[in-house]
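**Student:** Before anything else, here's the structure in question.
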Amino acid sequence: MADIEVTLADGAKRSVENGSSVLEVAKAISTSLAKKAVAGKVNDKIVSLNQILDEDVKLEIVTKDSEEGLQVVWNTGAIVLEAAVQSIYPDIHFGTKGNVEHGFYCDTDNGAEQISVDSLPAIEDKMSELIKAQIPLKQELISENDALKIVDGDPYQAKLVHANAKDGKISAYNIADMTILSNAAVLENTKDVKVFKLLSVAGAYWEGKSSNPMLQRIYGTAFFKQKELDAELSRQREAHDRDHRVIGNNLDLFFVDPKVGAGLPYWMPKGATIRRTIERYIIDKEVANGYQHVYTPVLMNLDAYKTSGHWEHYREDMFPPMDMGDGEMLELRPMNCPSHIQIYKHHIRSYRELPIRIAELGMMHRYEKSGALSGLQRVREMTLNDGHTFVAPDQIQDEFKKILKLMVDVYDDFDITDYTFRLSYRDPKNTKKYFDDDAMWNKSQAMLKAAMDDLGLKYVEAEGEAAFYGPKLDVQTKTALGNEETLSTIQLDFMLPERFDLHYVGADGEEHRPVMIHRGLVSTMERFTAYLTEIYKGAFPTWLAPKQVTIIPVNQKLHGDYAEKLRQKMADKKIRVNVDKRNEKMGYKIREAQTQKIPYVLVVGDQELANGSVSVRKYGQKESESENNNMFIDSLIAEIQNYSRTGDSSKNDELLKC
């Protein structure tokens, strides 16, 4: 049998015997590499080590210390999990299984007795048995008919068999006389799953559709070393402690009730106070930087979205149009840009007016699937801090710099320093998603890149992440759960001014086409509040805190009047303050104020009443300090006016100098 040629990751070529396995090639390269090997990547597809090579291929050996290596151990964890569940619950049905960002999952349906977190210890014990049994994992191809017989009575698995069968065959593994259907690359033996942990159980709709049955998804993770598992569990505990959904519930900031509308958050008084403070801040900031704030309707004639291209390129994310019965079709707006275009078009514009900066806290609606919804981060109704600037072509670069500096100035006030820049381009092959005009795309992408290069800022480039009408600069951050989110964006748009036939009268008296710059400084109020909740861990800086001060009289009868006078004095200066008059012990009140993360607790008793002072306890500190009440109020006002700045904003300072 003739040899085949294997091209390795470094470009080196090796001649190997036809029919060699990936592991045999790894051994031929070096013994140490073979010991670290967990899989191979053949022509960019991850395969098991026992995969046979029978033609010329590109081959990369996947090792334990790589991202792909983790995917392989998680694939293995998923099939061992399914085998363990099946051995305990023989009649259970299975949905999909596979990897998530930090581990693996398996969807189950056990009818009236669904799996819960209480079931996890027994499942973990069974998984440990299968791992200790050192069962070889060899991928086999079985016929589609045989696979259907194996999963007989399981509607989910039957559908997966039909969907995944190729040439009448489907891939499977045999674990303790149980056939587990999977085409994923796995480790050689169950014993190679060194350490694992089942984490949680959550509901997941079959195929991600809310009209389908709700399955129970078991989450787990696995690693090659105990210290790696410990680090991941520590990360997850920290993520839980920072999760805005958990904090929002504990601090009574917001709630979402699927019974009255999934993805439609209700803002409780404290959450509404945080949001209102952000809204007032951002409006004042934008007005000071030359923006004209407007209000526009949340409904618009569908024809406007056909003109803009949203209906063609974005329809799946829009709610169905409303037929008004007289030929008029109204649409809940998914974007604010067509609305701001109408503001621009309402008057004849002169070059002397440019740039024209229009801004709005604009409510929008997106048709998000139930499975994608998450707290305040993914919702169906949102209010975007939106802005559109209409400029002459020769003003683009200067305006881009001004927007970016304003954005970074806002970050400085919120003490945001952990972010990266991403230039988001179109995928030229995807003509369905992106407006088809090569010249426009090449020009706008080059201009955006030149502006970033001129500022000397580091960025990554990402193809396929642009808006359908133009490229953009995205500011990327990470949520507490490790998911990357876009916090802010600046988008360059030559297309919409063309499609809406926008003009301004130039110095020559002729009509000229403006360029439109879309920008969102802090995303939506929902997503930004979620982000701040997580980075502050619920301990909002004083200027943002829903309750800035709570006053606790030692004795309500003796010290209540003094506490009330202090409250009124601070309230008159727009400080958010209350007096805790409940009939509870003082220690309990102080502890609860700390639990609620109130920045300042003031205790007033005989001494404070006698000398006009307050006993001040700052959040996170164990000791209290006595301070004159007027001096405390003055320092508190100064702190609020300075946006409670305490963090290192050196990165932002460097950007602001650009």
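The values are calculated or read from the model by the stated rules, or taken from the named source; none is laboratory data. Computed from a prediction, not measured in an experiment: that's the story for all the values here. So basically every Cβ, Gly included, is an ideal-geometry build from the backbone, and we count neighbours across all protein chains shown.
**Student:** For region 61-90, name all the residues that are in contact with an Asp or Glu (Cβ under 9 Å, 6 or more places away or on another chain), over 30 Å from A12 (Cβ atoms) and surrounded by fewer than 19 Cβ atoms within 10 Å (Cβ to Cβ).
**Tutor:** The answer is S87, Y89.
Quick grid of which residues meet (1) in contact with a Lys or Arg (Cβ under 8 Å, 6 or more places away or on another chain); (2) acidic (D, E):
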residue: Q476; (1), (2): yes, no
residue: E485; (1), (2): yes, yes
residue: L496; (1), (2): no, no
residue: A507; (1), (2): no, no
residue: V515; (1), (2): no, no
residue: H518; (1), (2): yes, no
residue: V522; (1), (2): no, no
residue: E534; (1), (2): yes, yes
residue: L544; (1), (2): no, no
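**Student:** Now for a different question. Would you tally the residues in region 277-305 being within 20 Å of Y643 (Cβ to Cβ), in a helix (DSSP H, G or I) and in contact with a strand residue (DSSP E or B) (Cβ under 9 Å, 6 or more places away or on another chain)?
**Tutor:** The total comes to 7.
**Student:** Out of all the residues in region 36-51, is one or more of a type in the set (A, V, I, L, M, F, W, C), under 17 Å from A185 (Cα atoms) and assigned to a helix (DSSP H, G or I)?
**Tutor:** For region 36-51, residues of a type in the set (A, V, I, L, M, F, W, C), under 17 Å from A185 (Cα atoms) and assigned to a helix (DSSP H, G or I): absent.
**Student:** Just to be sure before I move on: is G620 modelled with pLDDT under 95 and in contact with a strand residue (DSSP E or B) (Cβ under 8 Å, 6 or more places away or on another chain) in the structure I sent?
**Tutor:** For G620, the condition - modelled with pLDDT under 95 and in contact with a strand residue (DSSP E or B) (Cβ under 8 Å, 6 or more places away or on another chain) - is not met.
**Student:** Looking at region 525-567, which of its residues are surrounded by 22 or more Cβ atoms within 10 Å (Cβ to Cβ), within 19 Å of N249 (Cα to Cα) and hydroxyl-bearing (S, T, Y)?
**Tutor:** T529, Y531, T533
**Student:** Restricting attention to region 432-460, which residues are over 19 Å from Q397 (Cα atoms) and at pLDDT 85 or above?
**Tutor:** Hit for region 432-460 is V460, nothing else.
**Student:** Further, regarding this structure: Scan region 579-601 for residues that are assigned to a loop (DSSP other than H, G, I, E, B) and within 38 Å of the chain's Cα centre (by Cα) and jot them down.
**Tutor:** D580, Q596, K597, I598, P599
**Student:** Let me ask something else about it. Considering region 321-362 alone, what residues qualify as being of a type in the set (A, V, I, L, M, F, W, C) and either under 18 Å from Q491 (Cα atoms) or in a loop (DSSP other than H, G, I, E, B) (or both)?
**Tutor:** M324, M335, C337, I341, I348, L354, I356, I358, A359, L361
**Student:** Based on what the data block shows, is Y504 in contact with a Gly (Cβ under 7 Å, 6 or more places away or on another chain) and either closer than 30 Å to A638 by Cα or of a type outside the set (D, E, K, R) (or both)?
**Tutor:** Taking the combined requirement at face value, the residue does not satisfy it.
**Student:** Can you confirm whether S119 is assigned by TED's automatic domain parsing to the domain that holds G208, in contact (Cβ under 8 Å) with a residue 60 or more places away in the chain and surrounded by 14 or more Cβ atoms within 10 Å (Cβ to Cβ)?
**Tutor:** Working: assigned by TED's automatic domain parsing to the domain that holds G208: yes; in contact (Cβ under 8 Å) with a residue 60 or more places away in the chain: yes; surrounded by 14 or more Cβ atoms within 10 Å (Cβ to Cβ): yes.
The answer is yes for S119.
**Student:** If you take the residues in region 186-230 that are small (G, A, S) and modelled with pLDDT of 95 or more, which one is nearest to the chain's Cα centre (by Cα)?
**Tutor:** Ranking the candidates gives G220 first.
**Student:** Under the condition of being within 19 Å of A539 (Cα to Cα) and free of Cβ contacts under 8 Å to residues at least 60 places away in the same chain, which residue from region 574-587 is surrounded by the fewest Cβ atoms within 10 Å (Cβ to Cβ)?
**Tutor:** N578
**Student:** Which one is nearest to I403 (Cα to Cα) among residues in region 472-506 that are surrounded by fewer than 21 Cβ atoms within 10 Å (Cβ to Cβ) and charged (D, E, K, R)?
**Tutor:** E485
**Student:** Right, next: Do we have A593 as out of contact with any Asp or Glu (no Cβ under 6 Å at 6 or more places or on another chain), free of Cβ contacts under 8 Å to residues at least 12 places away in the same chain and among the aliphatic types (A, V, I, L, M) here?
**Tutor:** Here the answer is no, as A593 does not meet what is asked.
**Student:** Within region 350-364, is even one residue within 24 Å of the chain's Cα centre (by Cα), in the same structural domain as V287 (by TED's automatic domain parsing) and among the charged types (D, E, K, R)?
**Tutor:** yes
**Student:** While we're on this one: If you go through region 508-516 one residue at a time, do you hit one that is outside any strand (DSSP E or B), assigned by TED's automatic domain parsing to the domain that holds A466, touching a residue at least 60 places away in the same chain (Cβ under 8 Å) and more than 24 Å from Q445 (Cα to Cα)?
**Tutor:** For region 508-516, residues outside any strand (DSSP E or B), assigned by TED's automatic domain parsing to the domain that holds A466, touching a residue at least 60 places away in the same chain (Cβ under 8 Å) and more than 24 Å from Q445 (Cα to Cα): absent.
**Student:** Here's another thing I want to ask about it. Could you check, for region 404-412, whether at least one of its residues is more than 29 Å from I343 (Cα to Cα) and surrounded by fewer than 20 Cβ atoms within 10 Å (Cβ to Cβ)? Steps first, please.
**Tutor:** Taking region 404-412 as the starting set, the residues that turn out to be more than 29 Å from I343 (Cα to Cα) are 412.
Next cut, surrounded by fewer than 20 Cβ atoms within 10 Å (Cβ to Cβ) only: 412.
Looking through region 404-412, at least one residue is more than 29 Å from I343 (Cα to Cα) and surrounded by fewer than 20 Cβ atoms within 10 Å (Cβ to Cβ).
**Student:** Further question on the same structure: Go through region 103-116 residue by residue and tally those that are touching a residue at least 24 places away in the same chain (Cβ under 8 Å) and either in contact with a Ser or Thr (Cβ under 6 Å, 6 or more places away or on another chain) or of a type in the set (A, V, I, L, M) (or both).
**Tutor:** 3
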